[in-house]
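What follows draws every value from the coordinates through simple rules; no lab data is involved. What you are looking at is a predicted structure, and each value in this text was computed from that prediction instead of being measured. Neighbour counts run over all protein chains shown; Cβ positions are idealised from the backbone, glycine included.
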Amino acid sequence: MRLSDWRATAPGHRVMTAKVAAAYEPALAVLGAPVDPVAFVAWGDDPDTRYTIMAASDGGLIIVNVRVNVPQEGPRAAGKLIRWSRVQIGELAVEAHHGHRYLTAQVEGYILQGVDDSADQIGAWVAHVFARIDERVSDGAAAPGADRSNVRSTGVIVRSGDQPGGGGPGG
């Protein structure tokens, strides 16, 4: 699922509002997430308070912890990027009985469990993570040199003259 799909299905009335998105979107952008990344949201026990966004990027797995309402501050987000070669993922286990599915998986210490439709979402997410680790897919699946209009740029963070070989001093 794309992050925009999670916004549409968010539990609670203030979980993924524009005010909360203003906290987590810059974190996703700086860590290299595309504009609408393939993502999984682990809502946890109280999504009105906190939840975790796991987003796929070409650089690796982005994990952003979102706190919806920090007293006297408002929403807050903190994230990290884990290179695909370093992502720790456990086994994917499923139990099926009388037309129902129960699935469990572990990604970077987060235990993901679901039944039926939720199990399908988790299974699709873990399959996407496996494919990323094996370098079988990239976000948007664009060929090298193809238009990458869905990819965020960090050009405002690193000036072209500061990059090695970017034409700046020493390049």
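Brief remarks on what is shown
- Placing unit charges on the Cβ atoms of the charged side chains and taking the dipole of segment 3-136 about its Cα centre, the candidate lying farthest along the positive direction among Trp6, Ile133, Met16 is Met16.
- Spatial separation of Cα centroids for segment 3-50 and segment 81-126, in angstrom: 19 Å
- Three-way shape label, segment 1-106, alpha-carbon gyration tensor, a/c 1.5: oblate
- Spin-label model, Ala93 to Ser118: label points 7 Å out along the Cα-to-beta-carbon direction sit 1.7 nm apart.
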